[in-house]
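The values are calculated or read from the model by the stated rules, or taken from the named source; none is laboratory data. The model shown is predicted, which means the values in this text are computed figures rather than measured ones. Using ideal geometry, Cβ is built from the backbone for each residue, glycine included, and neighbour counts are taken over all protein chains shown.
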Amino acid sequence: MTALIFDMDGVLVETVELHFAAWRQIAAQVGKTLEPHDLEAMRGLRRDDCLRRIFSPRELTTYDLNTYSAVKDELYLGALRDIEPEALITPGTVAFLEQARERGLRLGVASSSVNTFHVLEHTQLIEHFDVIADGNTVVRSKPHPDVFLWVAGALGVPAHEAIIFEDAQAGIEAAQAIGAFVVGIGEGEAARKTAWYAPHLADIDLLQLIEQAKNRETSLPVINPL
């Protein structure tokens, strides 16, 4: 394995709840209430797909998309500015990325967020990555695997040889579709059903993970010993 590919929200940075708070406010503006299962289903999806879920069964018009995309940006980025950059980074992320770089691994980000570059610059994580894809990079977003294929191609490695870190069902499905070794991050149910699971990057032994990925002989989940 020569490349590690990371989702951003919920894996590298603790921003999922900021997204959820913004979506709740937008839903309230159009007379909807989002339940926890609704929000979980929206995790990892691109903005237009989230808005379609909120507006369903009504059709999402171009006006709606443009208007509420701007509202989402205002709410989300406003909340982001109120938090110290260091506080947004998930436990152990910087040390894990530095260790990976020291071992000569290529690193990429494959995110559905249109604010990917802004967040990575805000937290100064951007310097660790060779390739970054955001919500505008490919036409089809997760659960389609296109963004992972694009990042792997830009990194110069076969997609199925990458180790992909994800927290959301949509992203996990996309990564599994290309035969990649998937590491589930976070507390979600979907993350616990991957080839390897850990609450945070801090809980992963990189060398052990690489060895497991090289020698994978089964699709059964491997729970990282904490």
Requested in this report: Tally the residues that are more than 13 Å from the chain's Cα centre (by Cα), outside any helix (DSSP H, G or I) and more than 21 Å from R47 (Cα to Cα), restricting the search to the range 139-190.
Outcome: 11
Query - Which numbered condition F55 fails, given (1) surrounded by fewer than 17 Cβ atoms within 10 Å (Cβ to Cβ); (2) outside the structural domain of Q169 (by TED's automatic domain parsing) - result: (1)
Query - Search result, residues across the range 105-136 that are in contact with a Phe, Trp or Tyr (Cβ under 9 Å, 6 or more places away or on another chain) and assigned to a helix (DSSP H, G or I) - result: L120, I126
Query raised in the report: Does any residue of the range 94-104 turn out to be in the same structural domain as A213 (by TED's automatic domain parsing), of a type in the set (K, R), outside any helix (DSSP H, G or I) and crowded, with 19+ Cβ neighbours inside 10 Å?
Result: no
Query raised in the report: Do the conditions hold for R52, that is, is it of a type in the set (D, E, K, R), touching a residue at least 60 places away in the same chain (Cβ under 8 Å) and closer than 24 Å to G188 by Cβ?
Result: no
Query - Matching option when the condition is at pLDDT 95 or above and of a type outside the set (S, T, N, Q), among L220, L226, L149 - result: L149
Query raised in the report: For the range 193-212, what are the residues that are buried (at least 22 other Cβ atoms within 10 Å of the Cβ) and within 15 Å of the chain's Cα centre (by Cα)?
Result: T194, A198, L201
Query - Subset tally (residues that are farther than 24 Å from G184 by Cβ and not in a helix (DSSP H, G or I)) for the range 1-47 - result: 4
Report summary line: Residue pairs qualifying under the 8 Å Cβ cut-off, at least six apart or on distinct chains, with the first in the range 84-104 being under 14 Å from F6 (Cβ atoms) and the second being surrounded by 12 or more Cβ atoms within 10 Å (Cβ to Cβ) and acidic (D, E), are I89/E14; T90/E14; G92/D203
Query - Hits in the range 152-169 - residues which are surrounded by fewer than 22 Cβ atoms within 10 Å (Cβ to Cβ), at pLDDT 95 or above and small (G, A, S) - result: G153, A154, G156
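Conditions (1) among the hydrophobic types (A, V, I, L, M, F, W, C); (2) without any contact (Cβ under 8 Å) to a residue 40 or more places away in the chain; (3) on the phi > 0 side of the Ramachandran plot, marked per residue:
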residue: K142; (1), (2), (3): no, no, no
residue: L155; (1), (2), (3): yes, no, no
residue: A168; (1), (2), (3): yes, no, no
residue: E187; (1), (2), (3): no, yes, no
residue: H200; (1), (2), (3): no, no, no
